[in-house]
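Report on the structure given below.
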Amino acid sequence: MSDELVIDVCGVSFAYGAVSVLEDVSFQVAANELLCIVGPNGGGKTTLVKLILGLLRPNRGRVRVLGQSPEDARVRVGYMPQHVGHDPQFPVTAMDIVLMGRLGRGGLWKTLGWYNRGDRRAAFDALDMVDMAAAARQTYSTLSGGQRQRVLIARALCGSPELLLLDEPTANVDALGESRLLDILKRLRRQMTVITVSHDLGLVSNLVERVICVNRRVVIHPTSDITGQIFEDLYGTQRRMVEHREIAPRGQGNG
């Protein structure tokens, strides 16, 4: 990747009709950063993500992604939405889900879902990146919550993105599944820029370098500066921040 900024937001404001959602937002994200977007419901997190994806256009200001307009850069961005509806009776496999990440990448044939050997290789490699290659042929509905989240991340990775956006990647995942997801995200940031949207403050204390706090306006804090007071001001209530530490195997503790 070049030294260009991955995200450059300058003076952006957005409103749904008369309701202002974001006001005078400016920030930059460099290559291979790992950040988390936090903030209260209705504070503008989802709107900010949609602006970065080019699904919305700002009323004022400018958004640039990978040196391009968000619409032009979209093919270089991997996105995992928070909610993915599916019919549990439909016999779609993990591989089928991940291959959807190749749709639209190569003209009419890809739009129709006619995948070639290269597409299947890319899908398998994406599953391997999230430790799910062994489950490629397993029916999606039989997977655990954590496994499904990893398959959806693989779908976002299947197009070889330079920017990965994940909306609530640890939602509905148990403690073991969350631990595995955190390890995967740490590995991925070596290859691309990763931004997560989350209410899980454990992500803040254990994973990211900077926190994008969104509540109509945007303030970015280094993780080292985050305090309970900052979150109390952001959410309007007290929130407990838990720091996750690695636990040494039995017999290797500190005594």
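The values are calculated or read from the model by the stated rules, or taken from the named source; none is laboratory data. Only a predicted model underlies this, so the values are computations on that prediction, with no experimental measurement involved. Note: ideal-geometry Cβ built from the backbone for every residue, glycine included; neighbour counts use all protein chains shown.
Laid out as a table, the results:
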{"read-out": "Answer from Leu56, Leu5, Leu22 - the residue that is at pLDDT 90 or above and either buried (at least 20 other Cβ atoms within 10 Å of the Cβ) or among the small types (Gly, Ala, Ser) (or both)", "value": "Leu22"}
{"read-out": "Residue match in the stretch 64-87 (condition: at pLDDT below 95, under 23 Å from Ala171 (Cα atoms) and in contact with a Cys (Cβ under 6 Å, 6 or more places away or on another chain))", "value": "no"}
{"read-out": "Spans of helices (runs of 4 or more DSSP H) in the stretch 135-250 with at least 1 residues modelled with pLDDT under 65, surrounded by fewer than 21 Cβ atoms within 10 Å (Cβ to Cβ) and among the aromatic types (Phe, Trp, Tyr)", "value": "228-235"}
